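The values are calculated or read from the model by the stated rules, or taken from the named source; none is laboratory data. Values in this document were obtained by computation on a predicted structure and should not be read as measured data. With ideal geometry, Cβ positions are generated from the backbone for all residues, glycine too; neighbour counts draw on all protein chains shown.
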Amino acid sequence: MQDTDTIVAVATPPGEGGVGIVRLSGPTAQAVAACALRSPAGAALAAAWPARTVRVGLLVDPGADGEVIDEVIFVYFAAPRSYTTEDVIEIHCHGSPAVLRRAVSLLVGLGARLAEPGEFTRRAFEAGRLDLNQAEAVADLIRARSDAARRLAVTQLRGGLATVLAASRQALASARARIEAAIDFPDEDLDLLDPHRLIADLTQLREGLAELLENGIRARVLKEGLTVVLAGRPNVGKSALLNALLGKDRAIVDATPGTTRDFLAEEVLWHGSPFTLVDTAGLRADAGEVERLGMERARAKLAEADVVLFVLEATAGWTPEDRAIFAELSDGDGGGSGGGGAGDTNGHSRSLVLVWNKIDLLDTGWRPTRLGEATETAAPGPFAASGVPALWLSATRGDALDELRALLRERLRERAFGAEAHEVLALTIRHEQALQSCCCELDRAVSNLGAKQPVELAALDLQRASRFLGELAGETTSDAVLAEIFNTFCVGK
């Protein structure tokens with residue numbers, strides 16, 4: 001990438017639409033655009049355009065005898081009052097892929113260069129228009145799948161993390177100044193270095209960063225949602241339940257056991273909360289080769305699940321096969337939220353919910369909806385004392401589906417916030433790694449001070465801690481990391 005180039009790209013999503021926007025940015029943006037833009041009557045434009053004024057015109061190909069490509073409107077944003085802080089031209093065409101391809105090709109031929117992924121936002125970052133967290137928030141806002149994810153991205157875009165970290169950075173700078181002054185003026189009686197007070201200050205700083213890290217990891221689930229895996233033996237109605245929760249026929253439903261041979265994943269939003277629902281092959285011992293492959297994939301998805309819906313058949317009761325599956329699902333040390341937690345061998349925490357399906361086929365005419373209602377009376381099993389919630393429903397008739405959705409939304413809130421219903425900043429993997437490294441350096445500094453090691457060691461620890469906090473804002477981030485971040489952006493952003 002050459003920052004002195006003028007770049008061009010389509011800034012709207014692929015496909016047909018009412019409007020498609022082509023964006024130019026760079027020192028020659030106005031000159032390049034002027035070669036291809038005309039007044040509605042076909043006349044050349046004046047040399048100086050008014051900034052921030054919407055104008056109507058024609059997009060023409062000057063090399064093809066002035067062929068009109070489209071009727072457009074365009075806006076000029078003069079540097080530095082633009083997204084990139086450079087001269088920016090936005091040309092609003094009709095949203096035809098053919099029109100947009102021709103427009104970009106024309107502007108490249110007139111001297112612009114096709115933008116790299118995220119290059120517009122990278123220029124904004126490098127010019128100081130955005131810090132790195134705000135730049136990442138732009139990508140998060142574009143990709144937001146839920147209202148919660150949108151709110152988190154907007155908070156970050158408005159400088160949320162920088163505001164939260166400001167006090168921590170000031171406290172760390174103050175601690176470094178005290179240590180370095182004591183090193184630089186060892187013979188002066190300045191009383192700058194009280195080890196006990198410094199240890200207390202660094203411990204308090206470390207606790208605040210650790211809390212930010214923990215809350216940020218929790219809040220990430222608001223962006224990514226929960227993965228909900230439907231599991232159980234064949235023919236208990238898992239596919240029918242998936243279709244009922246999605247509100248459409250997505251999975252094949254048949255009375256023949258073993259119809260589902262592979263997993264099927266679908267995303268859904270309930271009251272603005274994102275979920276990924278995964279239907280899996282039925283688990284049983286006497287299965288053929290293809291079914292065994294399907295069960296291997298089912299177990300792999302169970303290892304990734306945040307919530308497992310263990311689907312049982314109300315008319316069959318608690319079968320030996322169900323007992324074996326329940327033992328498998330309950331095995332582990334995960335301890336999921338809300339009781340009934342289980343974990344895989346990798347320590348991934350998940351929540352287990354029993355779903356008794358097909359209550360419309362019960363002879364009693366009983367229609368329960370409350371969690372855990374009459375569980376032992378209707379179908380004895382070893383789970384009543386385990387804290388695993390149980391819900392009775394009918395996928396075909398729709399009984400208690402709203403209660404199941406409400407339960408899953410509650411699991412999402414618990415995973416994101418625990419017992420506290422407040423919104424926090426969602427962190428990226430990059431944020432987490434930098435904060436973890438910073439906490440490690442603070443721990444090392446406290447240890448060195450407590451062991452009365454040379455104070456220069458603690459000074460080095462705090463110097464590294466400052467560098468990791470600087471990485472959060474992109475102040476000390478390597479070019480390789482920056483390239484990795486901006487390469488995840490769409491080309492037009």
Output the number of residues of the range 51-67 satisfying the condition of being modelled with pLDDT under 90 and assigned to a loop (DSSP other than H, G, I, E, B).
2
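Mind checking which strands (runs of 3 or more DSSP E) fall wholly inside the range 225-295 and carry at least 2 residues that are modelled with pLDDT under 85 and among the charged types (D, E, K, R)? Don't jump to the end; show me each part of the working.
Details: elements: 226-231, 264-270, 273-279.
Of the strands (runs of 3 or more DSSP E) lying wholly inside the range 225-295, none has at least 2 residues that are modelled with pLDDT under 85 and among the charged types (D, E, K, R).
Quick one: in the range 49-64, of everything that is more than 20 Å from Ala78 (Cα to Cα) and touching a residue at least 12 places away in the same chain (Cβ under 8 Å), which residue is surrounded by the most Cβ atoms within 10 Å (Cβ to Cβ)? Spell out how you get there, then give the answer.
The initial filter retains those residues of the range 49-64 that are more than 20 Å from Ala78 (Cα to Cα), namely 58-64.
Imposing the further condition that a residue be touching a residue at least 12 places away in the same chain (Cβ under 8 Å) reduces the set to 58-63.
On the way: Leu58: 18, Leu59: 23, Val60: 19, Asp61: 18, Pro62: 14, Gly63: 12.
If we take residues in the range 49-64 being more than 20 Å from Ala78 (Cα to Cα) and touching a residue at least 12 places away in the same chain (Cβ under 8 Å), then Leu59 is surrounded by the most Cβ atoms within 10 Å (Cβ to Cβ).
Quick check, is Glu71 part of a loop (DSSP other than H, G, I, E, B) and in contact with a strand residue (DSSP E or B) (Cβ under 9 Å, 6 or more places away or on another chain)?
no
Tally up the residues in the range 396-417 that are hydrophobic (A, V, I, L, M, F, W, C) and at pLDDT 90 or above, please. Walk me through how you get there before you give the answer.
Of the residues in the range 396-417, the ones hydrophobic (A, V, I, L, M, F, W, C) are 400-401, 404, 406-408, 412, 416-417.
Going one step further and asking which of them are at pLDDT 90 or above, we end up with 401, 404, 406-408.
Residues in the range 396-417 being hydrophobic (A, V, I, L, M, F, W, C) and at pLDDT 90 or above: 5 in total.
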Considering only the range 22-32, state which residues are among the hydrophobic types (A, V, I, L, M, F, W, C) and either in contact with a Phe, Trp or Tyr (Cβ under 7 Å, 6 or more places away or on another chain) or buried (at least 19 other Cβ atoms within 10 Å of the Cβ) (or both).
Val22, Leu24, Ala29, Val32
Condition first: within 19 Å of Ala139 (Cα to Cα) and polar (S, T, N, Q). Now tell me which residues in the range 442-491 satisfy that.
Thr477, Asn487, Thr488
Quick one: in the range 11-32, which of the residues that are in a strand (DSSP E or B) and over 9 Å from Val88 (Cα atoms) is modelled with the lowest pLDDT?
Gly17
Conditions (1) crowded, with 18+ Cβ neighbours inside 10 Å; (2) more than 24 Å from Cys440 (Cα to Cα) -> Leu213 fails only (2)
For the range 33-48, name all the residues that are surrounded by 17 or more Cβ atoms within 10 Å (Cβ to Cβ) and assigned to a strand (DSSP E or B).
Leu37, Arg38
Residue identified as under 28 Å from the mean Cα position of the chain (by Cα), more than 23 Å from Val154 (Cα to Cα) and small (Gly, Ala, Ser) among Ala79, Ala115
Ala115
All but one of (1) out of contact with any Gly (no Cβ under 6 Å at 6 or more places or on another chain); (2) buried (at least 23 other Cβ atoms within 10 Å of the Cβ) hold for Val138; which doesn't?
(2)
Which residue, of Val32, Val8, Val22, is more than 37 Å from the chain's Cα centre (by Cα) and within 12 Å of Ala112 (Cβ to Cβ)?
Val32
When the range 102-128 is checked residue by residue, the ones that are buried (at least 22 other Cβ atoms within 10 Å of the Cβ), in a loop (DSSP other than H, G, I, E, B) and in contact with a helix residue (DSSP H, G or I) (Cβ under 9 Å, 6 or more places away or on another chain) are Ala112, Gly118
Give me the pairs, please: first residue somewhere in the range 34-48 and in contact (Cβ under 8 Å) with a residue 24 or more places away in the chain, second residue anywhere and exposed (fewer than 13 other Cβ atoms within 10 Å of the Cβ) and of a type in the set (S, T, N, Q), beta-carbon distance under 7 Å, and either six or more positions apart or on two chains.
none
Would you mind stating whether Arg101 is in contact with a Phe, Trp or Tyr (Cβ under 9 Å, 6 or more places away or on another chain) and either free of Cβ contacts under 8 Å to residues at least 40 places away in the same chain or farther than 15 Å from Val32 by Cβ (or both)?
no
Inside the range 117-168, the number of residues satisfying the requirement of being among the β-branched types (Val, Ile, Thr) and either free of Cβ contacts under 8 Å to residues at least 40 places away in the same chain or within 17 Å of Thr85 (Cβ to Cβ) (or both) is 4
Pick from the range 306-324 the residues that are of a type in the set (A, V, I, L, M) and either modelled with pLDDT of 90 or more or surrounded by fewer than 21 Cβ atoms within 10 Å (Cβ to Cβ) (or both): which of them is farthest from Leu241 (Cα to Cα)?
Ala324
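For the range 153-188, give me each residue that is more than 30 Å from Asp140 (Cβ to Cβ) and either among the β-branched types (Val, Ile, Thr) or modelled with pLDDT under 85 (or both). Outline the logic, then answer.
Going through the range 153-188, the residues more than 30 Å from Asp140 (Cβ to Cβ) turn out to be 174-188.
Once the filter is applied, which keeps residues that are more than 30 Å from Asp140 (Cβ to Cβ) and either among the β-branched types (Val, Ile, Thr) or modelled with pLDDT under 85 (or both), the range 153-188 yields Ile179, Ala181, Ala182, Ile183, Asp184, Phe185, Pro186, Asp187, Glu188.
Residue check: is Ala327 assigned by TED's automatic domain parsing to the domain that holds Leu242, in contact with a strand residue (DSSP E or B) (Cβ under 7 Å, 6 or more places away or on another chain) and either at pLDDT 65 or above or farther than 20 Å from Leu408 by Cβ (or both)?
On the way: assigned by TED's automatic domain parsing to the domain that holds Leu242: yes; in contact with a strand residue (DSSP E or B) (Cβ under 7 Å, 6 or more places away or on another chain): no; either at pLDDT 65 or above or farther than 20 Å from Leu408 by Cβ (or both): yes.
Spelling it out, it is not the case that Ala327 is assigned by TED's automatic domain parsing to the domain that holds Leu242, in contact with a strand residue (DSSP E or B) (Cβ under 7 Å, 6 or more places away or on another chain) and either at pLDDT 65 or above or farther than 20 Å from Leu408 by Cβ (or both).
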